[in-house]
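Visitor: Take a look at the following structure, please.
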Amino acid sequence: MNEILTWILDTVSSVDPVWRTLIAGVAMLLETSILLGLVVPGDTVLLVTATGVQGPVQYISLALASIIGALAGESIGFMLGRYFGPRIRHSRLGRRIGERQWQRAERYLARRGGIAVFLSRFLPVLHSLIPVTVGMSPMPYRRFIAWTLPACILWSFAYVTAGSLAAGSYRELADSLHFAGYIFVGVIVAFVIVVVIVKKLIAHGEERHMHDAADPSDSAAGRTLPR
């Protein structure tokens, strides 16, 4: 186990830190921009690149690149929603996502406002739909960024910290413990499980805000967004 894991980590570390950082930033941009987050595993890319972090400069650089990439991607989604929202929604890809998902995103945004923007970063499907949906809503860009920024910071630092700590701990223990590789795997698996549980708890708690309502005024269209 140690030999295989050391080879994997050395391979990641052998990539120039600048390129690793750029790859993570681009992956985050693609994951958070228009609907690409449904197919681009930005969280996996960030976790892998974080295992190559060596030193505080690389740690901070990777986290900042991830945050900037996420904000850039969400800004692209917002702008596309503002100028091309209906076309995107009724495009082939938009139809594949399904009208029900679009309606859920609209209802969620209408009922929760900025909180929906923050929490959607941790919700499947919605993390890609909400930026576009916000662009089609009355919410201004400044308010959208104010809510999504802390979510991107929290998300990015969590993944970079988990990946870098797991890899750093393994490198310190690899020469003295034959089962150090299992500790590394255990840390990563534990982190992933925590992330999954947190996402499920958030999704369960917020699901009621996405349900259809008998009152048509609950529709996102023509309703003032709550603060």
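The values are calculated or read from the model by the stated rules, or taken from the named source; none is laboratory data. None of the values given here were measured: they were computed from a predicted structure. Reconstructed Cβ throughout: ideal geometry from the backbone, glycine too, with neighbour counts over all protein chains shown.
Visitor: For region 81-93, how many residues are in contact (Cβ under 8 Å) with a residue 24 or more places away in the chain and not charged (D, E, K, R)?
Guide: Looking only at that region, the number is 6.
Visitor: Can you find even one residue in region 123-134 that is more than 29 Å from residue 158 (Cβ to Cβ) and outside any helix (DSSP H, G or I)? Lay out the reasoning, then the answer.
Guide: Going residue by residue through region 123-134, those that are more than 29 Å from residue 158 (Cβ to Cβ) are none.
No, region 123-134 contains no residue that is more than 29 Å from residue 158 (Cβ to Cβ) and outside any helix (DSSP H, G or I).
Visitor: Against the condition touching a helix residue (DSSP H, G or I) at 6+ places or on another chain (Cβ under 6 Å) and aliphatic (A, V, I, L, M), how does residue 132 come out, does it pass?
Guide: Numbers: touching a helix residue (DSSP H, G or I) at 6+ places or on another chain (Cβ under 6 Å): yes; aliphatic (A, V, I, L, M): yes.
So residue 132 fits the description; yes.
Visitor: Just a yes or no: is a residue in region 156-163 at pLDDT 90 or above and under 18 Å from residue 72 (Cα atoms)? Before the answer, list the steps.
Guide: Going through region 156-163, the residues at pLDDT 90 or above turn out to be 156-163.
With the extra rule that they be under 18 Å from residue 72 (Cα atoms), the set shrinks to 156-157.
Checked against the condition, which is being at pLDDT 90 or above and under 18 Å from residue 72 (Cα atoms), region 156-163 yields at least one hit.
Visitor: Continuing with the same structure: Taking the condition touching a residue at least 12 places away in the same chain (Cβ under 8 Å), buried (at least 20 other Cβ atoms within 10 Å of the Cβ) and within 27 Å of residue 166 (Cβ to Cβ), does residue 29 pass?
Guide: Working: touching a residue at least 12 places away in the same chain (Cβ under 8 Å): yes; buried (at least 20 other Cβ atoms within 10 Å of the Cβ): yes; within 27 Å of residue 166 (Cβ to Cβ): yes.
Yes.
Visitor: Go through (1) over 18 Å from the mean Cα position of the chain (by Cα); (2) in contact (Cβ under 8 Å) with a residue 24 or more places away in the chain; (3) surrounded by fewer than 19 Cβ atoms within 10 Å (Cβ to Cβ) and name the single condition residue 106 misses.
Guide: Here residue 106 meets the rest and fails (3).
Visitor: Look through region 196-214, keep the residues that are in contact (Cβ under 8 Å) with a residue 24 or more places away in the chain and part of a helix (DSSP H, G or I), and return whichever of them is surrounded by the fewest Cβ atoms within 10 Å (Cβ to Cβ).
Guide: Of everything passing the filter in region 196-214, 198 is surrounded by the fewest Cβ atoms within 10 Å (Cβ to Cβ).
Okay, residues lined up against (1) touching a Pro at 6+ places or on another chain (Cβ under 7 Å); (2) modelled with pLDDT of 90 or more:
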| residue | (1), (2) |
| --- | --- |
| 78 | yes, yes |
| 110 | no, yes |
| 113 | yes, yes |
| 121 | no, no |
| 126 | no, no |
| 131 | no, yes |
| 137 | no, yes |
| 141 | no, yes |
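Visitor: Of the conditions (1) out of contact with any His (no Cβ under 6 Å at 6 or more places or on another chain); (2) part of a helix (DSSP H, G or I); (3) crowded, with 20+ Cβ neighbours inside 10 Å, residue 111 fails just one. Which one is it?
Guide: (1)
Visitor: If you don't mind, there's one more thing I want to ask. Within region 117-133, is there a residue that is at positive phi and in contact (Cβ under 8 Å) with a residue 60 or more places away in the chain?
Guide: In the first step, residues of region 117-133 are kept if they are at positive phi; the result is 125.
Those left that are additionally in contact (Cβ under 8 Å) with a residue 60 or more places away in the chain: 125.
Yes - at least one qualifying residue is present in region 117-133.
Visitor: Can you tell me which residues in region 62-84 are surrounded by fewer than 24 Cβ atoms within 10 Å (Cβ to Cβ), in contact with a Gly (Cβ under 7 Å, 6 or more places away or on another chain) and farther than 13 Å from residue 25 by Cβ?
Guide: Across region 62-84, the qualifying residues are 79, 80, 81, 82.
Visitor: Of the numbered conditions (1) buried (at least 16 other Cβ atoms within 10 Å of the Cβ); (2) part of a helix (DSSP H, G or I), residue 142 fails exactly one; give the number of that condition.
Guide: Condition (1) is where residue 142 drops out.
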